[in-house]
Amino acid sequence: MTRTERILVCCGTGCIANGAYEVARALEEQIAAQGANAQVDLKVCRTGCSGECEQGPLVRLMPRDTMYYKVKPADAPAVIASLEGDPVTKLLYRDEQGVHHEHQADNPFYGLQHKVVLKDVGIIDPLSLEDYKAAGGYEGLARALTMTPDEIIDEVERSGLRGKGGAGFPAGRKWRSAASYDVWPKYIVCNGDEGDPGAFMDGSTMEGSPHAVIEGMIIGALAIGAEAGVLYIRDEYALAREHIQQAIDDAYAVGILGEHIMGSDHKLDLSIARGSGAFVCGESTALMNSIEGKVGEPRPKYIRSV
């Protein structure tokens, strides 16, 4: 019986800067050099950001959950050999007492984390629709397609979901406000500008799980009655734009986006608008001005931007 093993190589922006692509290629070359193994289905998977960028490139062996730090291309033979033997001690996490630990949860940086939005980031290949669906992706959308807009919004309100922009505004209240306007056409907008210095939560999500962003936008569009949407992504986020565009293309190809979402009577078209790096365009009215081709300046906001 063939067993499946995956070598997860963090290819978030930080690890790429430290040579993650070179590490992934070296691992693939080492596997090829050793030849096929009938007992093991072994695959190198380039994932999104695992979080601890200063320790990258990060490599994680699954399902045994061995986590390696600061991996170099020259370490590839030892990493592959450790799949059948002892872990490579020099690449493991070492605590303040000098003791080495094998698993990700042994590292205090990860030990207390409970990921929700980022639960698949660092685990799946962000460019693989199959990976996302295997992790439960688009099941929420399939359920939403059986619900009314009010039922979708009721569930979002009950969940307590809040915006991640800093103010923590209840998402359900914003969606209900947008749904209440009988003005057409309606658009749903994803704010991926993230101009705050040092912030990278939006970038990590878009790079590491782009289909999750698209699925959320489709569910939101069903709730408010939108049939078109725009993802406003800052131009510096080249990798995020690349991954989002690939995910959009793949979603169109299998009928998740377009005229008949998953065979239903609902439709949604998505496109990307590139921000030019203006910090203020993270504010909703400035963002909408910029999307429309106007100067990205905020306007008086007497009511919520719906």
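The values are calculated or read from the model by the stated rules, or taken from the named source; none is laboratory data. Since we're looking at a predicted model, the values are computed, not measured. For neighbour counting, all protein chains shown are included, and Cβ atoms are generated from backbone atoms with ideal geometry for every residue, glycine included. Only protein heavy atoms, including side chains, enter the accessible area calculation; ligands, DNA and RNA are left aside. Shrake-Rupley method; radii C 1.70, N 1.55, O 1.52, S 1.80 Å.
Taking 7 Å steps out from each Cα toward its Cβ at ALA81 and HIS101 produces label points 2.7 nm apart.
Dipole check for the chain: with +1 at the C-beta of Lys and Arg, -1 at the C-beta of Asp and Glu, and the Cα centre as origin, the magnitude is about 520 Debye. Short to long, the 5 Å bins of the Cα pair-distance histogram for the range 191-270 hold 3, 16, 26, 23, 16, 10, 4, 1, 0 percent of all pairs. Got a number for carbon plus sulfur as a percent of the range 88-130's accessible area, 1.4 Å probe? After summing per-atom areas, the C and S share lands at 55 percent.
Cα centroid distance between the range 67-99 and the range 144-221, in Å? Going from one Cα centre to the other spans 40 Å. Bridging of LYS90 to aspartates and glutamates at a Cα separation below 18 Å is possible for GLU52, GLU54, ASP65, ASP75, GLU102, ASP106, once same-chain residues fewer than 8 apart are set aside. With angles folded into 0 to 90 degrees, how steeply does helix 238-253 sit against the dominant principal axis of the chain? Use alpha carbons for both and round to 10. The answer is roughly 70 degrees.
For the range 63-207, the residue among ALA199, TYR69, ALA178 whose Cα projects farthest onto the positive side of the dipole built from Cβ charges is ALA178.
Length gained on full extension, VAL40 to ALA238: 67.7 nm, using 0.36 nm per residue less the C-alpha separation. Compute the FRET efficiency between SER264 and TYR302 as 1/(1 + (r/R0)^6), taking r as their Cβ-Cβ distance and R0 = 45 Å, and round to the nearest 0.05. Efficiency, from the Cβ-Cβ distance: 0.80. Considering only GLY293, LEU145, LEU257, and ranking their Cα positions along the charge dipole of the chain that arises from unit charges at the beta-carbon of Lys, Arg, Asp and Glu, the one farthest toward the positive end is GLY293.
For the chain, adding -39500 (n - 2.57) for each run of n ≥ 4 DSSP H residues and dividing by the number of residues yields -10000 deg cm²/dmol at 222 nm. Put a dot 7 Å past the Cα of THR2, heading toward its Cβ, do the same for ARG173, and the two dots end up 5.4 nm apart.
For ASP75, the accessible area of its heavy atoms, probed at 1.4 Å with every protein chain present, is near 20 square angstrom. Relative to the current alpha-carbon distance between ALA74 and VAL254, full extension at 0.36 nm per residue lengthens the span by 60.8 nm. Give me the distance in nm between label points sitting 7 Å out from Cα along the Cα-to-Cβ direction at ALA134 and ALA32, one decimal. My value for the distance between the label points is 2.2 nm. What dipole magnitude, in Debye to the nearest 20, does the range 1-102 give about its Cα centre under +1 on Lys/Arg Cβ and -1 on Asp/Glu Cβ? Computed charge dipole of the range 1-102: roughly 220 debye. For the chain, the Cys residues with no second cysteine's beta carbon closer than 4.7 Å are CYS11, CYS45, CYS49, CYS53, CYS190, CYS281. The local environment of VAL59, defined by Cβ-Cβ distances under 14 Å, has a net charge of +2 under the rule Lys, Arg +1 and Asp, Glu -1. When the listed pairs LYS43/LYS133; LYS174/LYS301; LYS115/LYS174; LYS164/LYS301; LYS72/LYS133; LYS43/LYS72 are checked against a 21 Å cut-off, the alpha-carbon distance exceeds it for LYS115/LYS174; LYS72/LYS133. Accessible surface of the range 18-87, 1.4 Å probe: 50 percent of it comes from carbon and sulfur atoms. With 0.36 nm allotted per residue and the present C-alpha distance subtracted, the ARG158-ARG64 stretch has 30.1 nm of extension available.
When only the Cβ of Lys, Arg, Asp and Glu is charged (+1, +1, -1, -1), the dipole of the range 159-215 relative to its Cα centre reaches about 400 debye.
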